[in-house]
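Data first, discussion second: the structure below is written as structure tokens.
The values are calculated or read from the model by the stated rules, or taken from the named source; none is laboratory data. Owing to the predicted nature of the structure, the values given are computational and were not obtained by experimental measurement. Cβ placement follows ideal geometry from the backbone for every residue including glycine, while neighbour counts extend to all protein chains displayed.
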Amino acid sequence: MKKLLALVLAIVMLFCFAGCGENGGKLLGMSEAPIEAVEVKVDYEIPDDFKIGFICLHDENSTYDLNFLNAVDAIQKATGLKDEQVIVKTNIGEDDACYNTAKDLATQGCKIIFANSFGHEAFMIKAAKEFPNVEFCHATGTKAHTEGLANYHNAFASIYQGRYLAGVAAGLKLNEMIKEGKITADKAKMGYVGAFTYAEVISGYTSFYLGAKSVCPSVTMDVQFTGSWYDPTEEKNAAEALIAKNCVLISQHADSMGAPGACEAAGIPNVSYNGATYESCPETFIVSSRIDWTPYYNYIIKSVVKGEKIAADWCGGIAEGSVVLTGVNQDVAAEGTVAKIKEVVKGFAEGTVKVFDTKTFTVEGKELTSYVADVDDMGDYKPDTEVVADGAFNESVKRSAPYFDLKIDGITRLNEKF
């Protein structure tokens, strides 16, 4: 009987290994992150009377807001801030609720008040004028350098580098699909779910596309906008519409699991944003880029504690630990993806790779030699600053928030939503 059971088990194992391909049945799982982690150095002591407040548009159900909330946890752990010194307000709208919340945090004794959504800006500026002894810091905003308030500041990160790297992973996946005969080179079309037609989103999807194009020259991309930062239904519908238009890989700049979930259901490779969707989408997730806000939190807390000036505009990159990637899902990604990403990261550091290298894209069939962007954002949408220099569009140099708003060849916008 034992011999019979052993024989049956051996046969079952043989079929299992035979059905699992060249890996011999071994699932490779997630790699380590291709970008080395940067240690947060805390070389200052937090006074007992110090408080910091955080204003978030949504809550932990939004991948965008969860990213900020995770950074709050990280900086609290790194600095030893007590719970009573950290006040977090979630689901604060882009309206007077933001102003009222900022006032409340100021009256509670917060030395720094940070808000995380573009639409919070006008209300943060209003509060900053009312409380000149409190530092107001705002992610994704554009007006700090023109308002000239000593206590109002904007911050972002060069996430276009992270999206470019994620695009490289996407392009390698397309090449693998072409090599395996799943698609032909002329069918290498990606889809992208975007929230709004803001420069932040345009900069993001363009850098993602250029990353893919750097390794898969025949790639094209369709973009479907939702008109919302967080709408699971619309994001799911957008992804499904892109798949119906024969997009064979999907990425996104929107904040729910709508698009990744649609990809997993359809078996379409997916590059997500603001965190890994590996656990929910193990069959389709490739990699994800995100901004780590911990370095900026550390910077502003240190500045206030030491009595140092906070920059009007701050933009962290890979070196600061502000731009990070998740590990790569090696069961979905193309072979060699991790090594290639590391190669490109080295190119960034050495200056041999530039995301918006003007020789790598065209606008209406022509190479870009000059571009005057609306950097000062006075509400008139008038170009005011030359941003092409040294053979590249210099993103997030003139201010922290993105201002790349060009429509380059190879990308088709299927709809327009502001």
Matching residues in region 305-339 (assigned to a helix (DSSP H, G or I) and surrounded by fewer than 21 Cβ atoms within 10 Å (Cβ to Cβ)) number 4
With the checklist (1) without any contact (Cβ under 8 Å) to a residue 24 or more places away in the chain; (2) closer than 29 Å to residue 145 by Cβ; (3) not β-branched (Val, Ile, Thr) in hand, flag the one item residue 354 doesn't pass. (1)
What are the residues in region 223-254 that are under 25 Å from residue 344 (Cα atoms) and surrounded by fewer than 18 Cβ atoms within 10 Å (Cβ to Cβ), if any? none
Close pairs from region 239-251: first in the same structural domain as residue 205 (by TED's automatic domain parsing), partner of a type in the set (Asp, Glu), Cβ under 7 Å, at least 6 apart: 242/222; 245/222; 247/222
What number of residues within region 47-78 are part of a loop (DSSP other than H, G, I, E, B), surrounded by fewer than 17 Cβ atoms within 10 Å (Cβ to Cβ) and more than 19 Å from the chain's Cα centre (by Cα)? 3
By residue number, the members of region 1-57 that are at pLDDT 55 or above and at positive phi are 29
